[in-house]
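Beneath this line is the structure, given in structure tokens, with notes to follow.
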Amino acid sequence: MGERFIHMMVAQIGKPTQHKKSKDFDTVCRMFTLRWLIVDELIEKITAFRDERNWGQFHNPKDLAISLNLEASELLELFQWKSSEEAIEQNQDKLQDELADVLYYVLLMCGDLNIDPKEALLGKLSKNAEKYPIDKAYGSNKKYTELYGGDHE
């Protein structure tokens, strides 16, 4: 499914728009491959960090999901009662730390559950591309059920 998505992305990237530069398939593949190698290394480092401390005994899927949600809430708290601009200006370092905490738990769960994050993300993007085709969703904040009048699942 990941390769199908890359082909779809190349097709979209190749279309002239004001937002995207044209790139060939090989360039897109190299870009994705390099970035995903880094993600695999991160999962290895995160798992090693955890295992060196013998924390695996506490890291079951339920508790990891709870921790992920708690870290996402800490990220959200940085925006509370502020505009996006104010929150970013006042909390750049904290935002980075909280995003790193969220990413830590996402990648740790992927490793523990044998979920390839690249395949999961590319697969989900492919599903979303079908639910939100450009001709219906461009510039719209409507959920896909509203775009289709509730007839699409």
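Scanning region 73-88 for residues that are over 17 Å from Asp101 (Cβ atoms) and in a helix (DSSP H, G or I) returns Ser84, Glu85, Glu86, Ile88.
Taking the residues in region 97-153 that are among the aromatic types (Phe, Trp, Tyr) and in a helix (DSSP H, G or I) as candidates, determine which candidate is surrounded by the most Cβ atoms within 10 Å (Cβ to Cβ).
Taking region 97-153 first, the residues among the aromatic types (Phe, Trp, Tyr) are 104-105, 132, 138, 144, 148.
So of that shortlist, the ones also in a helix (DSSP H, G or I) come out as 104-105, 144.
Numbers: Tyr104: 18, Tyr105: 21, Tyr144: 17.
Once the filter is applied, the top-ranked residue is Tyr105.
Of the residues making up region 37-83, those that are more than 24 Å from Asp93 (Cα to Cα) and among the aromatic types (Phe, Trp, Tyr) are Trp55, Phe58. Taking residues in region 67-85 that are more than 19 Å from Met109 (Cα to Cα), and partners anywhere that are of a type in the set (Gly, Ala, Ser), the pairs with Cβ atoms closer than 7 Å and at least 6 places apart or on different chains are Leu78/Ala87; Phe79/Ala87. Just wondering, is there one or more residues in region 87-108 that are in contact with an Asp or Glu (Cβ under 7 Å, 6 or more places away or on another chain), hydrophobic (A, V, I, L, M, F, W, C) and under 20 Å from Glu44 (Cβ atoms)? For region 87-108, residues in contact with an Asp or Glu (Cβ under 7 Å, 6 or more places away or on another chain), hydrophobic (A, V, I, L, M, F, W, C) and under 20 Å from Glu44 (Cβ atoms): present.
Quick note: the coordinates plus some simple rules give every number you see, no bench work behind them. These numbers were taken from a predicted model, which means no experiment stands behind them. Cβ sites come from the backbone with ideal geometry, for glycine too, and all protein chains shown count toward neighbours.
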